1. Among the residues of segment A:443-462 satisfying the criterion of being part of a loop (DSSP other than H, G, I, E, B) and β-branched (Val, Ile, Thr), which is surrounded by the most Cβ atoms within 10 Å (Cβ to Cβ)?
2. Pick out the one residue from B:Ala119, B:Ala104 that is over 14 Å from B:Ile226 (Cα atoms) and touching a Pro at 6+ places or on another chain (Cβ under 9 Å).
3. Take A:His12 and decide whether it is at pLDDT 95 or above, open to solvent by less than 10 Å² (accessible area, probe 1.4 Å) and of a type outside the set (Ser, Thr, Tyr).
4. Report whether or not A:Arg424 is within 15 Å of A:Asp442 (Cβ to Cβ) and not acidic (Asp, Glu).
5. Residues to consider are B:Glu218, B:Glu242; find the one that is open to solvent by 50 Å² or more (accessible area, probe 1.4 Å), modelled with pLDDT under 85 and either assigned to a loop (DSSP other than H, G, I, E, B) or under 23 Å from B:Gly115 (Cα atoms) (or both).
6. Has segment B:94-104 got at least one residue that is surrounded by 17 or more Cβ atoms within 10 Å (Cβ to Cβ), in contact (Cβ under 8 Å) with a residue 40 or more places away in the chain and out of contact with any Lys or Arg (no Cβ under 9 Å at 6 or more places or on another chain)?
7. Exactly one of these conditions fails for A:Gly315: (1) over 21 Å from A:His186 (Cβ atoms); (2) at pLDDT below 95. Give me its number.
8. Within segment B:181-215, how many residues are of a type in the set (Ser, Thr, Tyr), loosely packed, with under 14 Cβ neighbours inside 10 Å and not in a helix (DSSP H, G or I)?
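The values are calculated or read from the model by the stated rules, or taken from the named source; none is laboratory data. Here the structure is a predicted model, which means the values were calculated and not measured. Don't worry about glycine lacking a Cβ; one is built from the backbone with ideal geometry, like all the others, and counts go over all protein chains shown. Side chains included, ligands, DNA and RNA excluded: accessible areas come from the protein's heavy atoms. Shrake-Rupley method; radii C 1.70, N 1.55, O 1.52, S 1.80 Å.
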Amino acid sequence: MNVRTHMSMIFHLDKCIGCHTCSVACKNIWTDRKGAEYMWWNNVETRPGTGYPTQWENQEEFRGGWERKKNGLNLKLHTRFQGLLKLFYNPSLPDLRDYYEPFTFDYQNLFNSPQKDVQPIAEPVSMITGDPIDIETGPNWDDDLGGSNVYAKNDPNLESLPEEVREQMNELERLVFNYLPRICNHCLNPACVAACPSGAIYKRGEDGVVLVNENSCRAWRMCVAACPYKKVYYNWSTGKSEKCILCFPRMETGQAPACAHSCVGRIRYMGVLLYDADRIPDAADVPDEELIAAHREIILDPHDPEVIAAAKANGIDDGWIESAQNSPAYKFVKEWELALPLHPEFRTMVMMYYIPPLSPIVSIIEKNLFRLDLMNEDYDFELFDRLDAARLPVKYLANLFTAGNEGIMRTVLRKLLSVRIYMRRKTVDGVVDDVALKTLADAGLTEEEAIAIYKMTALPTMEERFVFPPYHREMSIEAGMDPLAHKGEAGLGYIQQPKRGS
Amino acid sequence: MEVKHNIWRSLAERSFVIILLSGVLLTGSFYQATASPKHQSSDEGQGIFEQKCISCHSIGGGIVVGPDLEGVLDRRDRDWVASFISAPDQILADGDPIATGLLAEFNGIPMPNLGLPDAEVESLLTFFEGGESVAPVTSDPLPSGKISRGEGLFTGGEAFDNGGTPCIACHTVGGVGLFGGGSLGPDLTHVFQRYGEVGLASSIQNIAFPTMQGVYAEKALSNQEIADLLAFFAAADSEGKEGVATGATSLFWGAGLLGAGVLFGVMAFFWPKQRENLSDRLRRDAGITSRRHS
């Protein structure tokens, strides 16, 4: 057992209101620079939708992630030899139009325009060329299904759904969408690291943050192509690749990453997970239907004395272990088994997890029979018994979070629903009846667990949502530099301007 | 009180010893510094001469590459000799009449600036004052050389036994090599005529040129290799070709154009097969035509 620590984020999708505050917070801190205009280290997508960059999940085009072959896991992008052949022209690389051409508006015109018969407008201009453009797409063009005929119906996750279900989803009565906020998943088996010919990307030992060393990056952009989540971006101005750094400077000082901190719906949780690094290769190399189980298997119980002893043998201090024991991430991922990785079939072993959203029941549950008179609680029971009546097809959610395994998705959704039914009985009716208790038991939860899940979902304090270990960064750097050397200094940007061709 | 007193006393004692010791050392080192050069100057001068000058000069042994230095201080002003040894290139560049005359007399071969520090120049002059004679490098008579092997060694077609760099990396000989040689060192087409056989052999055997010294310091050439090179240089001098080999330029352009043509041909085949970006494709499928004017 090789125990390591990881900072993991949980996204409770039922709570996401799609306000993009996280994206804006991230943009303002990290990517408001020349060359980074088109980057959204954090973005929020509307689902069903094609996301950002357009159809990033379509790995037949982008070839990200890993592939299972006879000799084990291989990069889907290329073998080493193919990589050498494609060194200077990589067809799988997304180009700027796959993201979008970043734009702003000519606001000056509102003030400086000469007098005309019509109101002056702020014309859109490209942030790259500065010329006026017609905006054709954006980082969230199909927001709230705004472009559903063009984009949402091309969501790769709809592919395995029967044609009639896909058609039904386009009917007005069944229209449904949810939001999917995405950051770098800081994978345990990162394809970007594996693909980098310069060895410029690495995973930090202490918290698992995957970082690009800007001094070693030689702009091969293999990471951009190899990342199945398209979360490494190429900065055309500096000629280096960049990605989400999980706001490690904030975490090291005990603050939540900017996206999580600013979240209006408080959907994000962060905490330490302990995992067994020795078992990563085996866990990534199992059949699709076993991926979730194998993934959960390598997350270790921080209360287990054997795990604690192994962690200490690996130099993990008590502060981190205690933090792991209080971690909301551990509770959601392992204890309650509610949080799921996004697209486990890419086999990069992501360490950011999602609690899938519940959706309303369809208005038409039988042919020509409108059931809009159902009470809220009846919806829930209706759903609990017949998950297929949910507007978001279970198969669709399974394609997103469980590599198509509907069984696991049903278990998770039923748990969430049973907690809702139980708490509604308890707080609205004041009585918990046998029917509610039966749904809990059917979902495999005890009353205590249901209350704990409810509290962590609806009433958590800031300290319960964000459990940060003491990083003691000042201690780990004091051998090499004075921890107070930069005290009082502030600002962003490159410490050294990267030089090209060196 | 007792303790404090002791500390002060021991401190005073120690500082006295330190001052005494440093006085002795200072005087000694001053004596050493002033005494050593005078004492050994003449021997040192001979050492420097045999190391750095002998490839081109003798004292009483006749002309090698440069003039015989016997009685040089009788012929020239001592200060002039000193400044010439320190920076011959500077003196020449300043248009000094004696230096210009010497350059013309010795086949236009300028003396390289050896970068000698003033102390070494002074040692050399002291050695010249002593009037001792030094014969030119008298090695065993060189074996007979083969022109073809000499050319091989020059172009790098054959390796030097001690692994020295082939001459062509820095030098050019007219008509040798597809695109000529390097231009760091001088053109060697007529080097045989300028240096003469003895001078050329001597300067290869005992290299005086600062740039070459570093390159061949650990990789001396064997006598057979020198003989082969000399034979090659003699042949190159008498043939007297200039410039690069004939046909090389047209070959260069021809190959370049052909290669570019092939490259563009391959590109013309693959260019239209580039991946269409996905958002464009989705819009096209949905029947939305791009409104971009460009």
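1. Per the stated criteria, the residue is A:Thr446.
2. B:Ala119
3. yes
4. no
5. B:Glu242
6. Within segment B:94-104, not a single residue is surrounded by 17 or more Cβ atoms within 10 Å (Cβ to Cβ), in contact (Cβ under 8 Å) with a residue 40 or more places away in the chain and out of contact with any Lys or Arg (no Cβ under 9 Å at 6 or more places or on another chain).
7. A:Gly315 satisfies all of (1) over 21 Å from A:His186 (Cβ atoms); (2) at pLDDT below 95 except (1).
8. 1
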